[in-house]
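A short worksheet on the structure shown next.
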Amino acid sequence: MGENSKSVVVIGAGIAGIQAALDLGDMGIQVHLVEKMPCIGGRMAQLDKTFPTLDCSICILAPKLSECYRHDNITLYTLSEIQKIGGSVGNFSVDVLKHARYVKEDVCTNCGDCATICPVRGITNFFEANLVTQTAAQIAFPAAVPAAYRIDPSKCLYLNYEICGLCYQNCGADAIDFTQKDSVLSLDNVGAIIVATGLDLAEDIHTLNIYGYQKCDNVVTAMELERLICASGPQAGHLSRLTDGKHPKKIAFLQCIDSRSQKGQMYCSSVCCMYTTKEAMIAYEHDNELESYVFYIDMRAGGKGFQKFLQRGAKEYNIKYVKSKISHIEVDKDDNPIITYEDYETSEINQLTVDLVVLATCIIPSRGINKLADVLGIDLDHYDFVKTNPFLPVETSIEGIYTCGCAREPMDIPRSVAEASGAAARAAEVIKGG
Amino acid sequence: MSDKEEEPRIGVFVCSCGSNIGGLIDVKALAEFSKTLPNVVFTEDNLYTCSETGLAQIKNGIKDHNLNRVIVASCTPRTHEPLFRDCVKKEGVNEYLFNFVNIRDQNTWCHQKYPEEAFDKAKDLIRMGVAKAAKLEALENIIVDATPTALVIGGGVSGMTAAHSLANQGFETHLIERETELGGRLKTLYKLFPNDQEAQILLENLKKNVQSNENLKIHTSAQVKNIEGFVGNFEVKVEENGNIIDLTIGVILVAVGTSLFTPTGYFGYDGKTRITQYELESKLKNNDVKARDIVMIQCVGSRNNERLYCSSVCCMTALKNALILKENNPETNVSILFRDLYTPGTHYEDYYRRAREAGVVFVEYSPEKMPSVEENLIKVHNEYLGEDLLIPYDLCVLSTPLVSNNDNKALAQMIKVPLEENGFFLEAHVKLRPMDFATDGVFVCGSAKWPVDITESISQGYAAAARASTIISHDTIEVEGATSFLPDYNRNLCTGCEVCIKVCPYKAINKNEEDDIEITQVLCKGCGVCGATCINHAIIIRHFTDQQILSEIYAYGGKEV
Ligand SMILES: Cc1cc2nc3c(=O)[nH]c(=O)nc-3n(C[C@H](O)[C@H](O)[C@H](O)COP(=O)(O)OP(=O)(O)OC[C@H]3O[C@@H](n4cnc5c(N)ncnc54)[C@H](O)[C@@H]3O)c2cc1C
Ligand SMILES: Cc1cc2nc3c(=O)[nH]c(=O)nc-3n(C[C@H](O)[C@H](O)[C@H](O)COP(=O)(O)OP(=O)(O)OC[C@H]3O[C@@H](n4cnc5c(N)ncnc54)[C@H](O)[C@@H]3O)c2cc1C
Ligand code: SF4
Ligand code: SF4
Ligand code: SF4
Ligand code: SF4
Ligand code: SF4
């Protein structure tokens, strides 16, 4: 087959966007992969291991990240967002706003000397679920792609007050470049667009106070736990309580936090039933004396091998599943959370004191989605996920713009990957079919 | 390019894999140790050798130290070998002169409680890897022509979707359906969750799509009889209405769907007042439901020891049919007895709410205390109230799972792919390669792989089409060069016993017209079975020659060859 003159723009480089880009690239189609963060990988890069096979997440993701970066047909735009689009299916024009990194991507050796010397400390660290802080010279994780630091323009002393410049002096590779400017790139002849902007989490927008979150440090979210048990996370994989460093012996996992609720979101987040069992299993692998309690309403485990996974959890990992409704959480004088709940089996009100509480918080649409939807002109559903028809699952309301993964509904990695390939097929039909 | 005569100059890169390896054993010390080994001229340890930084270190190592062989001691070749091979190739080192030493999956992960022994084992493994690397030979990948055609087996919603997408991408596509009509399960359904669309309207649209595309050939009342060949060049025999058609096919997609489960012996199933959801659908379609008190029971024949899986569509099917019954006649009492209601995501949870608002009654039961269906009453223990509820019924509907087809096994053997324990097709990697099989050029979609709804059947149909397209979009295909061969200088050793022909699981070995053993290189996966079986040592496995393997064994024993 001959050269394809038209390209595809993929927005969002989580596992879904990455898969779509790789499939299209492998078909010989030019892809522009646009990611707003400094590096690619999305949420999957933050996870420790993944259900139901317990593969180490970054281990199976890293080869894909590299493949994207080196692929002859894929151009990567990090720190970038879509500013404007024009045209229609088969012939869109897309303006990409690329923010300056202030570090030369191909020169930086990822040594970290800039971060070590930078005097601005205490900046929130999204990748580590805000459990630790970082300086104004940042990289999300050591295996990040591209493997280059970036200077946070809102915090850097030089960029704001023209003082400091320590990183510039300290960088042995001469990679720091304060003359970089934000730039707009115009892409023409774009045949199709794929929206793969993924998810955010309830804690990003709510305080979750009734569950003791932010009142007690021994109440953490599932994403925080992923980082806490991850070997490359802030505790180097040795799970301990943030209040006193004690290793927890009893953990309670609370399901449907802000999901399936009148107060939060009405829908089900689809993946938390499964990742909870996974997290309890990994925690048990670190400490075989651990007891886990999962407080749930319905256990939703429909995917391949999922029921077996739950059975293993109960049999081999000391996980107790309690069908129940949570009333509230208090904390005793030793910072131990006390859960008050109604047990569905006995219809009694009970209390349980544990060392650590983990909240399975609701998956919400990516926070910038409204703005992006405006720019693209696509419809969102009543929850602000990208609107699709159940029987046209990767089609948005505009012809030639497709979607996949958690941008359109909460779903797990296997399904996100499958849908991403699906969106790639639809885009390929436009490009190849003419 | 390094040629055979060149002195080996080996570089060893030891990976910490975050703390997966480095957390247990000292990778710096391993790198230092590697320096002492024969032919090793450069070593380095990396936090993540697979990161862009690590790969740059390999490249610089090759450039600065003129390496002609590279070893990475790290995780597993299963996921990472292609990456490192690609990396050394780009620096001008033949990719087969790269050697992987697995010190994570087969060492630090399985010996987590024994750091000292794991460290010693890592040293052994690296010493063996270095010895082998010195004996490695450059190889070239095999390049074959690819036919840009596709075969889709199964004309349900997933198969029709896949075939339509491939045809739209310009590929000649053959859709094989064994029934007289396309449609699969969809043919017999009434309305569809989650938007109450008429199943027959969706089906008509899908059919119109596939019937109006000139790249697409539909073969109904057809069956695949035989498949020979390999990716890009499958020779397929199809029997259509008694006639045999021969097709040359580049890629094959499996979309054979599922079968229905007849719940004989469950709750006194009789097909009259105790029926399945599937039977209820036909009744609803024919407006043939007179019952006023309807009780549905979930998870009948699923999520038990025999079938330890959730069929994922039956809760939604129950909700759908309950809502239809309520809409037809609001006076109808519908109760659903369930264990966990499976309505994940946005659309389905909304649908569940709609059913509750419509007055459908939900009663939980636990598998320890199964409901019992009696003459006119269903008894179910309600944990919440702590007592038995008696619900009158005149129609009891059992929600049964989708089960795998009995003849999946025969098809699986024909295309050389595996099934999982429930008889569904098993993909190459559950998470990252959900549509691929380990066998090149063969893909799977829809409920043949696992019970899924129509939404997922459609997205998977597209997905398999994309994966297939990555292969047939190119005129040629590259396959692994580490294959078995029978060199001319070994012909005199071969006695023609044909043992190799029998043992080869990929049917790569034949006797040609001259009665000589012939190995089809593209079919060979380099598994090594033939080489190990041949008592005359006539067959050589490239990349795993006797000399290479012995060098590892001697290195383990501390001896050099
Ligand atoms: C705590 C937790 C544990 C989990 N565990 C598992 C597990 O074990 N197994 C499993 O299968 N699944 C698990 N999941 C689900 C998994 O994380 C998702 O299925 C997966 O990350 C979805 O991928 P995605 O690409 O759709 O979205 P994301 O991973 O969210 O990626 C979206 C990307 O798009 C970018 N982006 C967003 N908006 C824009 C924009 N406007 N412009 C440019 N770029 C943008 C984001 O920065 C991000 O990089 C878990 C989820 C959570 C919350
Ligand atoms: C009672 C019931 C109600 C349902 N209601 C809904 C609903 O409302 N909404 C929804 O989303 N989903 C519903 N589903 C699920 C839906 O039926 C499936 O998601 C869908 O049919 C799966 O499509 P498929 O293409 O994978 O398989 P199928 O529909 O099973 O199609 C497979 C096709 O392959 C053919 N085939 C099999 N073996 C071979 C072979 N060896 N050679 C050639 N051809 C072969 C078969 O004849 C068949 O035509 C329902 C299921 C049931 C049982
Ligand atoms: S910018 Fe310079 S100092 Fe910072 S990591 Fe890159 S090379 Fe090192
Ligand atoms: S110039 Fe900015 S980034 Fe660099 S060290 Fe100073 S404050 Fe930090
Ligand atoms: S997946 Fe489970 S925990 Fe998550 S919202 Fe759905 S039912 Fe609740
Ligand atoms: S979908 Fe519902 S009825 Fe079907 S197996 Fe799963 S839980 Fe049981
Ligand atoms: S190496 Fe394996 S696949 Fe290749 S010919 Fe021998 S037995 Fe067959």
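Count neighbours as other Cβ atoms within 10 Å of each site's Cβ, and list the GluC sites (Glu not before Pro) in region A:93-197 that are DSSP loop with at most 11 such neighbours. If you can, show how the numbers build up before the last one.
Numbers: sites: A:105, A:128, A:162; in loops: A:105, A:128, A:162.
Hits after loop and neighbour filter: A:162.
By DSSP, what percent of the beta bridges with both residues in the protein assembly as shown are antiparallel, rounded to the nearest 5?
On the way: 79 of 162 bridges.
Bridges in the protein assembly as shown are about 50 percent antiparallel.
Given H placed 1.01 Å from N in the peptide plane, which residues other than close sequence neighbours of residue B:428 have an amide H under 5 Å from its amide H?
Sorted by chain and number, the residues that satisfy this are B:436, B:437, B:438.
Can you give the accessible area of residue B:225, probe radius 1.4 Å, in Å² rounded to 10?
About 100 Å², rounded to the nearest 10.
When the dipole is taken about the Cα centre of region B:35-79, and only Lys, Arg (+1) and Asp, Glu (-1) are charged at their Cβ, what size is it in debye, to the nearest 20?
Values: 5 positive and 4 negative charges, 36 e Å.
For region B:35-79, the charge dipole is close to 180 debye.
When Lys and Arg each count +1 and Asp and Glu each count -1, what net charge do the other residues less than 10 Å away from residue B:139, Cβ to Cβ, add up to? Provide the component values of the computation, followed by the final result.
Values: positive: B:542; negative: B:95, B:137, B:140, B:480.
Neighbour charge sum, excluding residue B:139 itself: -3.
Computed on protein heavy atoms with a 1.4 Å probe, what is the summed buried accessible area for the chain pair A and B, in Å² to the nearest 100? Walk me through the numbers on the way to the answer.
Numbers: alone 19190 and 26920 Å², together 39410 Å².
Buried: approximately 6700 Å² between B and A.
Scan region B:466-561 for GluC sites (Glu not before Pro) in coil per DSSP, keeping those whose Cβ has at most 10 other Cβ atoms within 10 Å, and list them by number. Intermediate values should be presented prior to the final figure.
Numbers: sites: B:478, B:480, B:498, B:513, B:514, B:518, B:552, B:560; in loops: B:480, B:498, B:513, B:514, B:560.
Qualifying residues, ordered by number: B:513, B:514, B:560.
Rounded to the nearest 5, what % of the DSSP beta bridges within chain B are antiparallel ones? Before the final figure, lay out the partial values.
Numbers: 40 of 88 bridges.
Expressed as a percentage, antiparallel bridges in chain B total about 45.
Take the alpha carbon gyration tensor of region B:484-541, find the square roots of its eigenvalues, order them as a ≥ b ≥ c, and report rounded if a/c is under 1.5; if not, report prolate when a/b exceeds b/c, else oblate. Can you show the working numbers first?
Numbers: a/c = 1.44, a/b = 1.20, b/c = 1.20.
The shape class here is rounded.
What is region B:260-401's relative contact order, in percent, from Cα pairs under 8 angstrom and six or more apart in sequence?
On the way: 234 pairs, mean separation 50.8, N = 142.
Relative contact order, region B:260-401: 36 percent.
Write out the GluC sites (Glu not before Pro) in region B:254-322 meeting two conditions: DSSP loop, and at most 12 other Cβ atoms within 10 Å of their Cβ.
B:306
Can you work out the accessible area per residue across chain B, with the rest of the protein chains kept in place, probe 1.4 Å, in square angstrom? Each step should come with its number before you reach the end.
Numbers: 23560 Å² over 561 residues.
Here the per-residue accessible area is 42 Å².
For B:497, A:108, give the ranking by accessible area with the largest first, probe 1.4 Å.
Details: B:497 70, A:108 25 Å².
Of B:497, A:108, the descending order of accessible area is B:497, A:108.
Hey, how many Å between the Cα centroid of region B:387-425 and the Cα centroid of region B:10-61?
49
For region B:389-401, in order, what is each residue's ³J(HN,Hα) by Karplus, 6.51 cos²θ - 1.76 cosθ + 1.60 with θ = phi - 60°, in whole Hz (x at glycine and Pro)?
Whole-Hz 3J(HN,Hα) from phi for region B:389-401: 9, 10, 10, x, 8, 10, 9, 10, 10, 9, 8, 9, x.
Sort region B:260-401 into rounded, prolate or oblate with this rule: let a ≥ b ≥ c be the square roots of the eigenvalues of the Cα gyration tensor; rounded if a/c is under 1.5, and if a/c is not under 1.5, prolate when a/b is larger than b/c, oblate otherwise.
On the way: a/c = 1.16, a/b = 1.09, b/c = 1.07.
The shape class here is rounded.
So what's the net charge close to residue A:132: Lys and Arg +1, Asp and Glu -1, counting the other residues with Cβ under 13 Å from its Cβ? It would help to have the intermediate numbers written out before the result.
Working: positive: A:121, A:227; negative: A:128, A:224.
Result for the local shell: 0.
Grab the other residues whose beta carbon is less than 14 angstrom from that of residue B:230, score K and R as +1, D and E as -1, and report the net.
Counting the neighbours of residue B:230, the net charge comes to -3.
Using modelled amide H (1.01 Å from N, peptide plane; none on Pro or chain starts), what sits under 5 Å from the amide H of residue A:291, excluding residues fewer than 5 places away?
Here A:250, A:251 satisfy the definition.
Over the whole of A:408-418, what's the average partner chain Cβ count within 10 Å per residue? Rounded to a whole number, please. The partial results should precede the final answer.
Numbers: counts 2, 6, 3, 3, 2, 4, 9, 8, 2, 8, 15.
Per residue, the number of nearby Cβ atoms from other chains is 6 on average.
How big is the charge dipole of region B:253-328 about its Cα centre, in debye rounded to the nearest 20, if each Lys and Arg gets +1 on its Cβ and each Asp and Glu gets -1 on its Cβ?
Numbers: 10 positive and 7 negative charges, 23 e Å.
Dipole size: approximately 120 debye.
State to the nearest 20 debye the size of the charge dipole of the protein assembly as shown about its Cα centre, where the only charges are +1 on K and R beta carbons and -1 on D and E beta carbons. Intermediate results must be reported in sequence, preceding the final value.
Numbers: 95 positive and 130 negative charges, 116 e Å.
Rounded to the nearest 20 debye, it is 560 debye.
Using Cα pairs closer than 8 Å and at least 6 residues apart in sequence, work out the relative contact order for chain B, in percent.
Values: 1130 pairs, mean separation 77.2, N = 561.
The value is 14 percent.
Please name the residues of region A:25-69 whose accessible area, counted over protein heavy atoms with a 1.4 angstrom probe, falls by no less than 40 Å² between the chain alone and the full protein assembly.
The answer is A:26, A:27, A:59, A:60, A:63, A:66 - residues whose exposure falls by at least 40 Å² when every protein chain is included.
In whole Å, how far is the Cα centre of region B:168-186 from that of region A:374-412?
Measuring centre to centre over Cα atoms gives 27 Å.
Cα-based Rg of chain B per 2.2 N^0.38 Å, rounded to two decimals?
Details: Rg = 29.6 Å, N = 561, 2.2 N^0.38 = 24.4 Å.
Against the compact-globule rule of thumb, the ratio is 1.22.
Apply the a/c threshold of 1.5 to the C-alpha gyration tensor of region A:202-363 and tell me whether it is rounded, prolate or oblate. It would help to have the intermediate numbers written out before the result.
Values: a/c = 1.25, a/b = 1.05, b/c = 1.19.
It is rounded, given that a/c, with a ≥ b ≥ c, falls under 1.5.
Can you work out the Karplus-derived ³J(HN,Hα) for every residue in region B:143-150? Use 6.51 cos²θ - 1.76 cosθ + 1.60 with θ = phi - 60°, whole Hz, and x for glycine or proline.
In residue order, the calculated couplings are 10, 10, 6, 10, 8, x, 10, 10 Hz.
If you average the alpha carbon positions of region A:161-229 and of region B:128-165, how far apart do those two centres end up, in angstrom?
38
Relative contact order of region A:297-398, please, whole-number percent, based on alpha carbon pairs below 8 angstrom and at least 6 residues apart.
Details: 103 pairs, mean separation 13.3, N = 102.
Here the relative contact order equals 13 percent.
Collect residues whose amide H, placed 1.01 Å from N in the peptide plane, falls under 5 Å from the amide H of residue B:309; neighbours closer than 5 in sequence don't count.
Sorted by chain and number, the residues that satisfy this are B:303, B:304.
In whole Hz and in residue order, list the ³J(HN,Hα) couplings for region A:304-314 that follow from phi through the Karplus curve 6.51 cos²θ - 1.76 cosθ + 1.60, θ = phi - 60°; x for Gly and Pro.
My calculation for region A:304-314 gives 5, x, 6, 5, 5, 4, 5, 4, 4, x, 5 Hz in order.
The values are calculated or read from the model by the stated rules, or taken from the named source; none is laboratory data. Being a predicted model, the structure only gives us computed values, none of them experimental. Ideal geometry is used to build each Cβ from the backbone, glycine not excepted, and the neighbour counts take in all protein chains shown. In case anyone asks, the SASA skips ligands and DNA or RNA and just uses the protein heavy atoms, side chains included. Shrake-Rupley method; radii C 1.70, N 1.55, O 1.52, S 1.80 Å.
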